[in-house]
Amino acid sequence: MDVIVEIPALRERLKEEHPARQIAFVPTMGALHEGHRACVDVASRVDNASVVVSIFVNPTQFGPDEDLERYPRDLGRDLEFCEAWGCDVVFTPSAVAMYPRVQRTWVDVTGITDCLCGRTRPGHFRGVTTVVSKLFNIVSPDVAVFGQKDAQQALVIREMVRALDMPVELRLARIEREDDGLAMSSRNARLSPHDRRRAGHLRASLLQAARVLEDGERESRAVEAATRMHLERHETGEVDYVELRTASDLSTLGRVEGKVILAVAVIVGNTRLIDNMVFDVGADRVAADVDLF
Ligand code: PAF
């Protein structure tokens, strides 16, 4: 496994791959866990591909009051994981290499970035789409893999790829979970034992919503209310949002039908956690935990 820090060195190394091999790319911010492993597994299944992982805590996607400094970092451990998971190349650029000048050029997807996490974290998705565009330009991947846990991010990146005709195929890895259902996240490490127990209720609230839909409820407000009630009853934390939206473009809905996403964000202790469940809802059937795309 090659570990490469500089952009020109990475480009040189990846020239050896194309066109004989494809490049399957997994962008990450490090603090790797089973969720990232699932992404690497999806990348490893791409035909005749070299798996490239980037590890870069991207400052432009953090707001001024957010947790950039506190974001967990352990490069040595991350590299051990990448080696064990069979990655071919790991790219670990510095912030100066990625942003050598004042950044005046941004990639900004509008509309679907205004709701959910975009509402509470203004500028976050502009930072994500800008860094992902830069990484795509540096790595030139044939396939890029993202996690379904960050469902809004995945939809925003799909919109960017379509709108800008980027020659990359997007694939998603399903959400990996702890035994109590808590979605794997780099931020889970920050939870106190008490908050860690409370955090299990994010998944439980989504399962509660699944039961309500299975019982025949089709009014989105009622399903959202049942989900929120579960979170509040179990004192999970400060609920940021509980929203049902279309899975295609995050439009709001009155009646629940077709492919929809129930997304939740809760601040547990000092840590903001997100989770979601994608449903395919018909008049008399409900499939839960389906693929976003
Ligand atoms: O999902 C993440 O870890 C980040 O948002 C990403 C896609 C690596 C961009 O910094």
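The values are calculated or read from the model by the stated rules, or taken from the named source; none is laboratory data. Computed from a predicted structure; not experimentally measured. Note: ideal-geometry Cβ built from the backbone for every residue, glycine included; neighbour counts use all protein chains shown. Just so you know, the surface numbers come from the protein's heavy atoms only, side chains and all, with ligands and any DNA or RNA stripped out. Shrake-Rupley method; radii C 1.70, N 1.55, O 1.52, S 1.80 Å.
Nonpolar atom fraction for the range 170-237, defined as the carbon and sulfur part of the 1.4 Å probe accessible area, stands at 46 percent.
On a 0 to 90° scale, report how tilted helix 220-233 is relative to the longest principal axis of the chain, with both axes built from alpha carbons and the result rounded to the nearest 10. Helix 220-233 sits at roughly 90 degrees to that axis.
One Cα centroid belongs to the range 66-129, the other to the range 209-265; the line between them spans 28 Å.
Hey, what's the range 117-191 come to in accessible area per residue, 1.4 Å probe, Å²? The partial results should precede the final answer.
On the way: 2990 Å² over 75 residues.
Per-residue value: 40 Å².
Taking Cβ separations below 4.7 Å as the criterion for a possible disulfide partner, the isolated cysteines in the chain are Cys39, Cys115, Cys117.
Bridges between two residues of the chain, per DSSP, are antiparallel at a rate of about 55%. Note on Lys134: lysines with a C-alpha under 22 Å away, same-chain residues under 8 apart excluded, are Lys15.
For the chain, a Gaussian network of Cα nodes joined below 10 Å ranks Gly200, Gly127, Gly282 by mean-square fluctuation, and the top entry is Gly282. Put simply, the amide H of Glu169, placed in the peptide plane, has neighbours under 5 Å in Val143, Ala144, leaving out anything fewer than 5 places away on its chain. Under the combined filter of DSSP loop state and at most 15 neighbouring Cβ atoms within 10 Å, the range 98-199 retains these chymotrypsin sites (Phe, Trp or Tyr not before Pro): Trp106.
Helix 151-163 and the longest principal axis of the Cα set of the chain meet at an angle near 50°.
For Phe91, the amide hydrogen comes within under 5 Å of the amide hydrogens of Ile4, Val53, Ser54, Ile55, counting only partners 5 or more places away or on other chains and with H modelled in the peptide plane. In the chain, a dipole from Cβ-located charges (positive for Lys and Arg, negative for Asp and Glu) runs towards its positive end, and of Leu172, Thr271, Ser220 it is Thr271 whose Cα lies farthest in that direction.
The alpha carbons of the chain give a radius of gyration and a Dmax of 19.2, 57 Å, in that order.
3J(HN,Hα) along the range 280-290, derived from phi through the Karplus expression 6.51 cos²θ - 1.76 cosθ + 1.60 where θ = phi - 60°, amounts to 10, 10, x, 4, 10, 8, 9, 9, 9, 6, 8 Hz, with x in place of Gly and Pro.
Against the chain, whose longest principal axis comes from its Cα atoms, helix 34-44 is set at around 60 degrees.
In this structure Glu217 has an accessible area near 60 Å², from a 1.4 Å probe over the protein heavy atoms. Using heavy atoms of the protein chains and a probe of 1.4 Å, the accessible area assigned to Glu6 is about 100 Å².
What is the extension gain from His194 to Glu6, computed as 0.36 nm multiplied by their sequence separation minus the C-alpha to C-alpha distance, in nm to one decimal?
So the chain would gain 63.5 nm between His194 and Glu6.
Summary: within the chain, the longest segment free of trypsin sites (Lys or Arg not before Pro) located in DSSP loops with at most 10 other C-beta atoms within 10 Å is 105-284. Solvent exposure of Glu66, expressed as accessible area, is near 60 Å², computed with a probe of 1.4 Å over the protein chains only.
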